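Below is one structure, written out as structure tokens; the observations come after it.
The values are calculated or read from the model by the stated rules, or taken from the named source; none is laboratory data. As the structure is a prediction and not an experimental result, all values here were calculated from the model. All Cβ positions, glycine included, derive from the backbone under ideal geometry; neighbour counts span all protein chains shown.
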Number of protein chains: 2
Amino acid sequence: MCIDGLRNCNGFCFGAVASCQCDFAAGSCQYLSGAHGLQALGWPWKMAHAFQTGHRTHSCGELRKEDVGQLVTVCGWVQMSRDMNHFAFVDLRDRYGITQVVFPKEGADEAGLQRYEQARNLGREFVVKVTGKVVERIQKNAKRPTGDIEIVADQLEVLNSSSTPPFKIEDATDANEDTRMRYRYLDIRRNPIKDAILLRNKVTRLVREYLGDLEFCEVETPVLIKSTPEGARDFVVPSRMNPGQFYALPQSPQTFKQLLMVGGLDRYFQIVKCFRDEELRADRQPEFTQIDCEMSFVQQEDVLRIFEGMIRQIFKSLCGHEFPPFQRMEYSEAMDRFGIDKPDLRYDMELVDLTEVSKGKNFKMFDDAELVVGMCCKGIGSWSGKKVKDLEKKATGQEVGASALVWLKINPDGTYDCSAKKFFTDEDYVKWVEKANAKPGGCGPGDLLLIIAGKKLQTQESMGKFRHLMGTELGLRSEGFRALWVVNFPMLEWDEDEGRFTAKHHPFTSPWTEDIEKMVSLDHKDPKLAEVRANAYDMVINGVEVGGGSVRIHERPLQEKVFSVLGFSKEEALAQFGFLMGAFEYGAPPHAGLAFGLDRLCTIIGGKATIRDFIAFPKNNMGRDTMINTPAAITSAQLAELSITTTVDEDGKPKASGYPA
Amino acid sequence: MCIDGLRNCNGFCFGAVASCQCDFAAGSCQYLSGAHGLQALGWPWKMAHAFQTGHRTHSCGELRKEDVGQLVTVCGWVQMSRDMNHFAFVDLRDRYGITQVVFPKEGADEAGLQRYEQARNLGREFVVKVTGKVVERIQKNAKRPTGDIEIVADQLEVLNSSSTPPFKIEDATDANEDTRMRYRYLDIRRNPIKDAILLRNKVTRLVREYLGDLEFCEVETPVLIKSTPEGARDFVVPSRMNPGQFYALPQSPQTFKQLLMVGGLDRYFQIVKCFRDEELRADRQPEFTQIDCEMSFVQQEDVLRIFEGMIRQIFKSLCGHEFPPFQRMEYSEAMDRFGIDKPDLRYDMELVDLTEVSKGKNFKMFDDAELVVGMCCKGIGSWSGKKVKDLEKKATGQEVGASALVWLKINPDGTYDCSAKKFFTDEDYVKWVEKANAKPGGCGPGDLLLIIAGKKLQTQESMGKFRHLMGTELGLRSEGFRALWVVNFPMLEWDEDEGRFTAKHHPFTSPWTEDIEKMVSLDHKDPKLAEVRANAYDMVINGVEVGGGSVRIHERPLQEKVFSVLGFSKEEALAQFGFLMGAFEYGAPPHAGLAFGLDRLCTIIGGKATIRDFIAFPKNNMGRDTMINTPAAITSAQLAELSITTTVDEDGKPKASGYPA
């Protein structure tokens, strides 16, 4: 049966109506019920209400004062059930909110009394379906969007029961992470995780809208690709059809997106899973997601402009934050000022070069050093000896790695106290403080100047880490967003272990035109190669590298040269990347691109501490999913089909006899 | 230097301007040049022209008559270069189109003469950058959107040269597929492949818009999951950190999307890569893409309504095709009428049940048969004996698999001719034709009635395949789109090889409530289990199953029962799917969903023959990517780290001595 103005078709009612009265409970027009301003349908297959289904008329998040008087059906989880003055109150929760349902005892008929009894005994997380009338609440709950109303239940159906969950579905939880991971499906019911997952969805939607509007075409590149020894360790996949051979999972779609540029696609992006079989210390996952982008016929400036725009748009939409135009900072400047290539600009505490003003006083630590560098911490000059001692431990600990810490207290009365006072006088201190004072934030009475010394790069990096620690300790890292581009990275860095230069970014990054000469003329171990600059750039927000990229090489001879500088033999280069160099021979356009780490980006936008919150089903630091219990042994039949065997037994111990290689 | 009304910031000019005159060639305001109605910028980081970059002002597809007089720069590939009457003409191509560039010899200064010489000698697929003035063409090319104009070149720069490509970059190609795959980056430059990739991007954009508007949340489920023996063969990934253990790549995110429903996410979707290690005959790929969807608190009808709406929207937007409401057809009806569960409704030729009217005439083939089924082919009653003989071969060939074919010609004069005329009379034929005539399309003079017989299901399936072949042969399968839902599938099908019932859809599909009793009461090998119906549905367009799904089981006891019917021991069920059944104990909501095969869907929308056209980098039928040459051997160091070894040598031959298991 269809109401006026609607056509009946295949059991559905549809048509363009502006409003309608329809009795859901009676079963007629089940897809078009609801009294309050039925939206014009536009598309006949859409519901009158967005959340309406055969099981419900509304979600638990949408009923308001305007709905009072309506007969509605809602479904959800029992957040809690309580009995107060002969009323059973049930808080019913779904993704969209919580609605209070009430079951009165007074004046109830027999069925009503049964419902009342049933309701007051509902366990947490039971799944129920309730039909009833929307009424205005006497005691409103201003904290809830639905807090003006409640539903007086006419019908109650338990759709599913629930055992007592291992932790409560509440915003704050004291469940440990192991338990939360094993029951991730319950963890996802909690607002902090649910909201993180919904936020991630919003971020990807905004990315796709922004890039789609600029004619970027999303292309899926393959997941089963080829293992290459360069870079991080690959996950591999044995091929049954090609015995003894393996696919690898991509660490990034780098070469494929470049091939798409050779293919003339002009503007590519992909939100794509990438894989690295690395140690999972810190906040890493074996599978992670990149927003991967590439453009043809562009210069570095185009990439920065377009993707700065994208990030601005996202932060504006989701955080209401409008960035000023992103600062550009040279890699070398970032190292000099912050001791790191991804500086957190939310606080000052810049590095102070004290090399000139600290030498020649017979203090060996400074005299021997290539660099003496200080950092002024505001307002902690009054810290106790014990707390300062702790700082010394921090400075020389594994995380910072300085050989020793020297400190200078600038007392409120203008006097000084220094941990190396045997060697220095007030005159020296004045010079030090002068240097520190020239930096943003300054340095004066009540402050503490921390100083370390040693080899230049190592000392800068140590102080950069120390600055990070102190920023956290002093609570400077919590507020707002600060973004910048770090540009002009070095092309190469020396790898002590491998005894060769490796690519700072990756082997496909183009060097500065004026530096190509060096690459051509110098031996591939010449230290001067460290001076070659790359057309590479990183986007940094709040001290986190959220994205990075480069202008690529698009000419075969230069690409060959770079491989040779990186220590590849001609044969190795050909075997691994011959397909790309081959492609460069058929009209490769100039191109450039970058990739964002989606997990990290979301973590910053959402203001959380761990990327795991933004991953629906993360793995632990042993790469395990404890919920589904993987990885796991596979059958010997599977191994045989794949022409492989394991060299360990069921306990992971090496098997007695090794297989002849 | 910035023009009026624009602010200069970090080297960019920006501001809200409606139009501007700006000299691109002079290098000022490089990001805001262009004379014709500069679009209001809205977002300061967007270009004046969508395709403008540091290298170009316009794409090769956008210049029109209105642009005449402008100084522009375009980049692209040389489609062709020719010299006519002292003018060199170059067709410059990019993703967006082709623009003609002209280099005049007459009246040229020395630089102009050089450019002319350079231009007329440009090779195919060279990448060039041209600056010049837009002029109106005298001889317009109505076939090209840019055909009213050409660019008179002032500057020409070769950005990259090209070797002669192995095939021409033209719509029609005679290059074989192997060559096209090895040079896929060149194949992608061809319109048919480029357009297919762009179409796929449009499809996914529409899907995301439609589902996003309905509050479906896109969630990434893990790629490194757990191997399960049920269903197709898994690809596996050895875990380095967990020696002897393996991840598997997902065949679909089925259990994860159900866990998201248990987690209260309510509406989930994902456009996601799935993996099956199957033989790659026909049009299959080891990695393929699903539009994967799931909803809570819904009934089958909700799923059909919402996803029918999605498909309608896509076809309307991309093909201008408006479907009538999709027909619903029972599985059994589809088998009876078309001999297949994915009937192509673009043509009639329905199956005609002749069992009753064909028995008792001492024709053993019919008398012994459970089913005698005919199919009337219109207008081929006059086919020669040879052509009819070919039909007999087809019917008994591997593809159709009938034991024999009987045919009846209905001659134009009303007489009959039958291949089994020893046994039958005109009286019989009249009855047969009567039956056939009752079907849509009818059967009469000039037609040919084809008949096969045997066991019911097998005979239906054979005739279904025969119908498909004849539909192709008679050219009935080419036009338009016909969609339907096939519903009410059987829950189980008997697997002769395994000697047990397997799930027709998958083990998580719910049976009809009224049929649960059978599953509970019957032994797991009882043939009556074949009668259990499932809440499962397939969407079929033009004879292709583009999507399918089911209402899921959400209660542990029923799920346990289904596993036991499928022959799982309690231990096996727990080991493989314990996590899901565990989740069902904590308040699992009723839920249902489906998945579309994106590759197939695009193939139908794009009207192509192969899904490979819609995959940027497909693999061949040995699972190889011949462009990057994978799969490939990995190093022994990699194998050792992964605690595995191969049981074959470099040539894929088993190694001399097996490794002790």
- Over region A:247-262, the set of residues out of contact with any helix residue (DSSP H, G or I) (no Cβ under 8 Å at 6 or more places or on another chain) and facing another protein chain (nearest Cβ under 8 Å) is A:247, A:248, A:249, A:256
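Does residue A:338 qualify as being farther than 14 Å from residue A:375 by Cβ and buried (at least 17 other Cβ atoms within 10 Å of the Cβ)?
Details: farther than 14 Å from residue A:375 by Cβ: no; buried (at least 17 other Cβ atoms within 10 Å of the Cβ): yes.
No, not satisfied.
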- Message: Scan region B:402-411 and tell me whether some residue there is farther than 16 Å from residue B:463 by Cβ and in contact with a Cys (Cβ under 6 Å, 6 or more places away or on another chain).
- Response: no
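Check region B:405-422 and report whether any residue there is acidic (Asp, Glu), in contact (Cβ under 8 Å) with a residue 40 or more places away in the chain and in the same structural domain as residue B:361 (by TED's automatic domain parsing).
Going through region B:405-422, the residues acidic (Asp, Glu) turn out to be B:413, B:417.
Those still in the list that are in contact (Cβ under 8 Å) with a residue 40 or more places away in the chain too: none.
Within region B:405-422, none of the residues are acidic (Asp, Glu), in contact (Cβ under 8 Å) with a residue 40 or more places away in the chain and in the same structural domain as residue B:361 (by TED's automatic domain parsing).
Please state which one of A:315, A:269, A:326 is at pLDDT 95 or above and out of contact with any strand residue (DSSP E or B) (no Cβ under 8 Å at 6 or more places or on another chain). Can you show your working first?
Working: A:269 fails: out of contact with any strand residue (DSSP E or B) (no Cβ under 8 Å at 6 or more places or on another chain); A:326 fails: out of contact with any strand residue (DSSP E or B) (no Cβ under 8 Å at 6 or more places or on another chain).
Criteria check complete, one pass: A:315.
Is it fair to say residue A:389 is surrounded by fewer than 21 Cβ atoms within 10 Å (Cβ to Cβ) and without any contact (Cβ under 8 Å) to a residue 40 or more places away in the chain?
Numbers: surrounded by fewer than 21 Cβ atoms within 10 Å (Cβ to Cβ): yes; without any contact (Cβ under 8 Å) to a residue 40 or more places away in the chain: yes.
The answer is yes for residue A:389.
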- The lone condition residue B:321 fails out of (1) out of contact with any Phe, Trp or Tyr (no Cβ under 6 Å at 6 or more places or on another chain); (2) in a loop (DSSP other than H, G, I, E, B); (3) within 17 Å of residue B:481 (Cβ to Cβ) is (1)
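Residue-wise test of (1) modelled with pLDDT under 95; (2) part of a helix (DSSP H, G or I); (3) of a type outside the set (Gly, Ala, Ser).
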{"site": "A:567", "(1), (2), (3)": "yes, no, no"}
{"site": "A:576", "(1), (2), (3)": "yes, yes, yes"}
{"site": "A:582", "(1), (2), (3)": "no, yes, no"}
{"site": "A:588", "(1), (2), (3)": "no, no, no"}
{"site": "A:593", "(1), (2), (3)": "no, no, no"}
{"site": "A:596", "(1), (2), (3)": "no, no, yes"}
{"site": "A:599", "(1), (2), (3)": "no, yes, yes"}
{"site": "A:602", "(1), (2), (3)": "no, yes, yes"}
{"site": "A:617", "(1), (2), (3)": "no, no, yes"}
- Working only within region A:225-237, note down all residues that are more than 7 Å from every other protein chain (Cβ to nearest Cβ) and at pLDDT 95 or above. A:234
- Scan B:388, B:373, B:357 and give me the residue that is in contact with a strand residue (DSSP E or B) (Cβ under 8 Å, 6 or more places away or on another chain) and either farther than 15 Å from residue B:417 by Cα or in a strand (DSSP E or B) (or both). B:373
- Message: I need the full set of residues from region A:283-312 which are assigned to a loop (DSSP other than H, G, I, E, B) and more than 8 Å from every other protein chain (Cβ to nearest Cβ), in order please.
- Response: A:283, A:284, A:285
- Could you tell me which numbered condition residue A:240 fails, if it satisfies all but one of (1) more than 25 Å from residue A:627 (Cβ to Cβ); (2) in contact (Cβ under 8 Å) with a residue 12 or more places away in the chain; (3) touching a Phe, Trp or Tyr at 6+ places or on another chain (Cβ under 8 Å); (4) at the interface with another protein chain (Cβ under 9 Å from one of its Cβ atoms)? (3)
- Message: For region B:119-130, which positions are more than 41 Å from the chain's Cα centre (by Cα) and either farther than 18 Å from residue B:150 by Cα or not small (Gly, Ala, Ser) (or both)?
- Response: B:120, B:121
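Pull up region B:588-627, narrow it to residues that are aromatic (Phe, Trp, Tyr) and under 27 Å from residue A:245 (Cα atoms), then point me to the one that is farthest from the chain's Cα centre (by Cα).
Of all residues in region B:588-627, those aromatic (Phe, Trp, Tyr) come to B:596, B:614, B:617.
Among the residues that remain, those that are also under 27 Å from residue A:245 (Cα atoms) are: B:614, B:617.
On the way: B:614: 7, B:617: 14 Å.
Among them, the one singled out is B:617.
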- Here the residues within region B:574-600 that are more than 14 Å from chain A (Cβ to nearest Cβ) and either surrounded by fewer than 19 Cβ atoms within 10 Å (Cβ to Cβ) or not aromatic (Phe, Trp, Tyr) (or both) are B:594, B:595, B:600
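Yes or no: residue B:421 in a loop (DSSP other than H, G, I, E, B) and at negative phi?
Working: in a loop (DSSP other than H, G, I, E, B): yes; at negative phi: yes.
Answer is yes for this residue.
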- The one condition residue B:55 fails out of (1) in a loop (DSSP other than H, G, I, E, B); (2) within 18 Å of residue B:161 (Cα to Cα); (3) touching a His at 6+ places or on another chain (Cβ under 7 Å) is (3)
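If you check residue A:215 against the conditions, is it in a loop (DSSP other than H, G, I, E, B), touching a residue at least 24 places away in the same chain (Cβ under 8 Å), within 14 Å of chain B (Cβ to nearest Cβ) and in contact with a strand residue (DSSP E or B) (Cβ under 6 Å, 6 or more places away or on another chain)? I'd like the intermediate steps shown before the answer.
Numbers: in a loop (DSSP other than H, G, I, E, B): yes; touching a residue at least 24 places away in the same chain (Cβ under 8 Å): yes; within 14 Å of chain B (Cβ to nearest Cβ): yes; in contact with a strand residue (DSSP E or B) (Cβ under 6 Å, 6 or more places away or on another chain): yes.
Yes; evaluated as a whole, the condition is true for this residue.
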- Task: Inspect region A:267-277 for any residue being over 15 Å from residue A:598 (Cα atoms), assigned to a loop (DSSP other than H, G, I, E, B), facing chain B (nearest Cβ under 7 Å) and out of contact with any Leu (no Cβ under 8 Å at 6 or more places or on another chain) and give the result as yes or no.
- Result: yes
- Message: Need the failing condition index for residue A:455 against (1) modelled with pLDDT of 95 or more; (2) surrounded by 15 or more Cβ atoms within 10 Å (Cβ to Cβ), just the number.
- Response: (2)
- Task: Filter region A:225-253 for residues that are farther than 17 Å from residue B:652 by Cβ, among the aliphatic types (A, V, I, L, M) and surrounded by fewer than 24 Cβ atoms within 10 Å (Cβ to Cβ) and give the result.
- Result: A:225, A:232
- Query: Which condition does residue A:181 not pass, out of (1) touching a residue at least 40 places away in the same chain (Cβ under 8 Å); (2) in a helix (DSSP H, G or I); (3) closer than 25 Å to residue A:56 by Cβ, if it passes all the others?
  - Reply: (3)
- Quick one: in region A:636-649, which of the residues that are more than 7 Å from every other protein chain (Cβ to nearest Cβ) and out of contact with any Lys or Arg (no Cβ under 9 Å at 6 or more places or on another chain) is surrounded by the fewest Cβ atoms within 10 Å (Cβ to Cβ)? A:637
- Restricting attention to strands (runs of 3 or more DSSP E) lying wholly within region A:80-147, give those where 1 or more residues are surrounded by fewer than 15 Cβ atoms within 10 Å (Cβ to Cβ) and at pLDDT 95 or above. A:127-136
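Residue-wise test of (1) polar (S, T, N, Q); (2) modelled with pLDDT of 95 or more.
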| site | (1), (2) |
| --- | --- |
| B:341 | no, yes |
| B:344 | no, yes |
| B:355 | yes, yes |
| B:374 | no, yes |
| B:389 | no, no |
- Message: residue A:223 - would you say it is in the same structural domain as residue A:299 (by TED's automatic domain parsing), of a type in the set (A, V, I, L, M) and outside any loop (DSSP other than H, G, I, E, B)?
- Response: no
